[in-house]
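Please treat every number below as a calculation from the coordinates, not as lab data. Predicted model only: the values in this text are computed from it and were never measured. With ideal geometry, Cβ positions are generated from the backbone for all residues, glycine too; neighbour counts draw on all protein chains shown.
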Amino acid sequence: MRSRWMQIVFAGLVLVVALELRFADPQFLSDLRLKSFDTYQQVLPRKYQPVPVRFIDLDDESLSRVGQWPWPRTQVAALVEKLNAAGAAAITLDIVFSEPDRTSPAQLIASWPAGPKMAALREQLAAMPDHDDLLAQAIDRAKNVVTGFMLTDGSGGGDALVAKAGFAFAGDDPRAFLGKTYTGAVLNLPQIEAAGRGAAGFNLTPEHDGLVRRVPLLVDYMGVMFPTPALESLRIAQGASGYLVRASNASGAKVLGGAQTGITHVRVGRMIVPTDRNGRMWLYDTGPVPERRIPAWKVLSGEADPELLRGAIVFVGTSAAGLHDTWATPLSPATSGAELQVQLTEQILLQQFLERPDWADGAELSLLAVLGIVLALATSRLGAGWSAVLATGAIAGIAGLSWYLFARHGLLLDPVYPAITGTMVYSGSSMMGYLRSETERRQIRNAFSHYMSPVMVERLARNPDQLHLGGETRELTLLFCDLRGFTTISEKYDAQQLTSLVNRFLTPVTDVTLANGGTIDKYMGDAMMAFWNAPLDDPDHATHAVRAALEMNRRMGPLNEELAAEAAEQGTAFSPLKIGIGLNTGLACVGNMGSRQRFDYSALGDEVNLASRLEGLSKQYGVDIVMSGATRNRVSGFVMLELDRIRVVGKTVPVTIFTLLDEASAGQDPTIAAGLAEQEAMLAAYRDQDWDFAQDLVGVCRRMLSPRFGLDKYYTLIDERIEAYRLTPPPANWNGVADATRK
């Protein structure tokens, strides 16, 4: 029990470490979680559904047809005018025009050499409009253009940055959760910046591994919030004036304990956009989709389908590799920054989002705790096999639930760390269980290897639950065996020779006991005590004990032959060894007996004492084996002869005793069968006090049985009793019981 609790405690420690690790959420865990979400998108990407959002791509072919980048601002102005004329709802320029156009007349004049020959030409060019002004005018006329800027960690550059939309807050101040406050900015030229109806920050922040999975909807410049292109484009397209940013502890969304869990969503016009706590939106990637892309040269040449542009939100950007505006996503190694904004806008219009809600971490930690506790308890009780089934099922269930929530509801819950935690808890608990089991097996092997057969010891080691230590009452068949006349024998040998002789006697009887599933209780000089049906259950314990007794008796023959041959070689007298065996079946207390310092697995009780007394009677009755009626009644297939009814020393209740003659096959001999019948008749006459008839039958039985089984001493004993009873008759109510006079 103690070791099982240690197993649970160890599994609990593993779980605590796992929970603390998850709470700390180091980078490698975050990466694993994100990789699992990538896999989900790769297996089930967002299906592209046409919505009025287009990517006007300054692709390599457009650069080849129109000219290398940067294009003259007049060309960009023409692109804006074409898009506006086609009926675009919002035009977002994913380009920062931070420096004057080098092709503008004023820029060209500044690079010319001075001189009278150039004066007239300078005057003509100076009268021509500036290209940057022309672009600003085109933007102003369109009244739906979003210009952009790039925020930096430097200083300055953002003095002219003005928010063109208002923000309203609900709950905690969202600026506390944006994660980063920028201190510098790269802006458009003032006239271009002023002409736009919207202003958006182009900043993207890839994850630790370089992939863009979450795109900020809000950025912070010196404590002032600005939208990013997808939000600002939707505001312009809807004609909305600003945004509502909702964060933790807003009305109706109070967090337990007032915890600040971050931004929950942003509202722009009629659209509600869920975000993570930092105001970022999860990209639900489709991968590259040609249908959303229109090359810029087609718009300029008039070849673009006007229906694709009418009422559409368009993002002007580039996929050309040389212009360095490509980002890696879960489904594409190179996606234009403008196309990322297109995808976000599509998601918002379709209301197809991926969300990792603010309760996700708490739910995952709770799930980890429950899973770990269940596995820790299960492994300690069910064992490694069934616990592995449970762990595998639980991990599969968690993975299935995570996939279902992603596929059906767009929720992102981590399937990886619960699996890791479950495996860790299961492995840790199983390892401790294995060590516990091995310790128990080792203890069992050490405890029982000296008095049980190796097969039985291994069976017990594999199934330690079959062992009930500490003392229990159960039915046993007990066997005592002893060398007869040991005192006389010991006089003929020195100590070393006597020890060798005893060992040679005890070795075969021990082998026989173990081979028949018995347990050696103890050795007592030249004697041995054994029992059956403990510590392992043995439904046929009486039969196995009786068979062992017969085999022990048979083993004396070969042993005596060896000893006789050795005595002949040495020229010494030989005295054959004779064995006495007592068998009894009954209830006894069996278990570890002894002190805290030393104990043995042993049996105690009246039935044990009776078995010992029966072994002592074997010499008195002149037979090798004496068994009680309790043992006789539990076996079949043996030739057994009833000897007497006797009251042993220390007992008041008489017992019927038998001797074991042979296997059942011997009883098929007609002479033996007839002799057994005569024995029954003799005992009946004896107990009826019909002394003449009983004495006649003793002679008959002696002739029929004694030559085969050596029962002369027994029949002599009965003869002597009959003669004694003739002289001194027993009481009238005598029932044939004799009293033993010695142990």
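Sort 674-681, 147-154 for me by packing, meaning the mean count of neighbouring Cβ atoms within 10 Å per residue, highest on top.
147-154, 674-681
If you take every residue apart from Leu367 with its C-beta less than 13 Å away from the C-beta of Leu367, what net charge results, scoring Lys and Arg +1 and Asp and Glu -1?
-2
Near Lys35, which aspartates and glutamates are there with a Cα under 13 Å away, not counting those fewer than 8 places off in the same chain?
Within the straight-line cut-off, Lys35 pairs with Glu207, Asp209, Asp414.
Grab the Cα-Cα distance for Asp669 and Gln238, subtract it from 0.36 nm times how many residues apart they are, and report the gain in nm with one decimal.
Taking Asp669 through Gln238 to full extension adds about 143.7 nm, to one decimal.
Can you tell me how much longer the chain between Glu207 and Ala176 gets when fully stretched, taken as 0.36 nm per residue apart minus their C-alpha distance, in nm with one decimal?
Here the answer is 9.1 nm.
Using +1 at the Cβ of each Lys and Arg and -1 at the Cβ of each Asp and Glu in region 47-350, identify which of Leu218, Leu79, Gly262 lies farthest towards the dipole's positive end.
My answer, from the dipole projection, is Gly262.
What's the local net charge at Asp130, with K and R +1, D and E -1, over the other residues with C-beta under 10 Å away?
So the environment of Asp130 carries a net charge of -2.
Under the classification rounded if a/c is under 1.5, otherwise prolate if a/b is larger than b/c and oblate if not, where does region 145-211 fall, given a ≥ b ≥ c as square roots of the Cα gyration tensor eigenvalues?
Oblate.
Each label point is 7 Å from the Cα along the Cα-to-Cβ direction; what then is the distance between the points at Tyr404 and Ala85, in nm?
5.7 nm
In region 636-743, if the dipole is taken from +1 on Lys/Arg beta carbons and -1 on Asp/Glu beta carbons about the Cα centre, which of Asn735, Ala664, Phe638 is farthest to the positive end?
Towards the positive end, the residue furthest out is Asn735.
Nothing charged except the Cβ atoms of Lys and Arg (+1) and of Asp and Glu (-1): what's the magnitude of the dipole of region 47-350 about its Cα centre? Round to the nearest 20 debye.
Value, rounded to 20: 760 debye.
Let me check against my output: what whole-number percent is the relative contact order of region 47-350, with C-alpha pairs under 8 Å and at least 6 apart?
28 percent
Applying a 10 Å radius around every beta-carbon, put 641-649, 578-586 in order of their mean neighbour count, most first.
With the highest mean Cβ count within 10 Å placed first, the list reads 578-586, 641-649.
So if we plug the beta-carbon distance of Lys578 and Lys651 into 1/(1 + (r/R0)^6) with R0 = 30 Å, what FRET efficiency do we get, rounded to 0.05?
Efficiency, from the Cβ-Cβ distance: 0.70.
What is the dipole size for region 636-743, taken about its Cα centre, with +1 at each Lys and Arg Cβ and -1 at each Asp and Glu Cβ, in debye to the nearest 20?
The calculated dipole for region 636-743 is roughly 500 debye.
Kindly rank 219-225, 263-269 from highest to lowest mean number of other beta carbons found within 10 Å of each residue.
263-269, 219-225
For Val162 and Met593, calculate 0.36 nm times their separation in residues minus their Cα-Cα distance, and state this gained length in nm to one decimal.
146.0 nm
Quick check on my link table: of Lys522/Lys578; Lys164/Lys298; Lys492/Lys522; Lys47/Lys164, which ones sit more than 28 Å apart, alpha carbon to alpha carbon?
Lys164/Lys298; Lys47/Lys164
Let me have the relative contact order for region 564-670, percent, based on Cα pairs under 8 Å that are six or more residues apart.
RCO, region 564-670: 22 percent.
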